[in-house]
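Each reported figure results from applying straightforward, stated rules to the coordinates on display, with no laboratory input. If you're wondering where the values come from, they're calculated on a predicted model, not measured in any experiment. Cβ atoms come from the backbone with ideal geometry, glycine included; neighbour counts cover every protein chain shown.
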Amino acid sequence: MPKPTPLLYPACTLMFVLLFALGCGEQAPPAPPAPGKGADADAATSQADNTPAGTGENINIKADATDNTNASPSDGELDLNVPETFPVHDKAGRSPFPQPGEVVQTLIPPDRLTDADPFGQAIDPDNIPDVVPWTQAAQYVGHEIVVEGKVVRLGKSSATNFLNFSADWRGKFYMVIFDDLASTLDGSVEATFRNRTVRVRGLVEAHRGTPQIKILSMDQVQFMD
């Protein structure tokens with residue numbers, strides 16, 4: 001039986017060493033990801049850093065575990081560049097909406113949207129003058145007041161008589177007397193009212209944008225001359 005070749009022993013030894021080295025050099029399994037550093041967090045970071053195609057703006061993702069006011073079903077919320085403050089309400093002197101982090105202690109009192117004169121000043125129903133000049137009657141639309149003025153012009157349309165306090169009467173305060181009341185006067189409407197200074201109590205109404213008082217009874221009228 002032939003003896004093994006002397007070179008066979010070194011070759012076997014070298015092969016054993018190589019196999020042992022390959023077995024020991026196998027890569028260890030990766031360590032578990034730290035909290036907040038997993039694949040989901042990497043994906044969110046990658047999404048936040050990417051710019052959507054066709055736009056030049058980034059989409060920022062906010063996650064706030066303490067604020068559930070505008071919470072979405074997902075862990076984060078898209079920031080659509082909503083302003084942090086709201087427009088100021090001039091009447092109240094501040095925004096009607098709570099500001100971020102603000103705790104509202106008292107409610108903002110409501111403002112009346114009626115009883116305002118053309119100059120934007122509120123009318124106090126308990127502080128209306130006893131007598132209002134006809135030039136200021138437009139300020140009191142919706143209120144019953146006493147208006148004083150001198151009738152300088154009269155007009156008539158169908159069964160309606162108009163008492164005007166200015167020759168340039170268009171768009172200005174006037175009074176109305178209907179024919180059923182005019183028929184009870186001792187004289188004509190012209191003879192009764194022209195160039196007379198009167199005080200009339202009545203409700204100021206706006207008819208096609210022009211203030212008027214309807215005289216439905218002569219008890220409303222007081223002649224001052």
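Based on C-alpha coordinates, I'd like the Rg and Dmax of the stretch 174-221, in Å.
For the stretch 174-221, the Cα-based Rg and Dmax read 11.1, 33 Å.
Among residues other than Gln220 whose Cβ falls under 12 Å from its Cβ, what is the net charge (Lys/Arg +1, Asp/Glu -1)?
Value of the local net charge: +1.
Using alpha carbons only, how many angstrom separate the centre of the stretch 122-173 from the centre of the stretch 186-222?
8 Å
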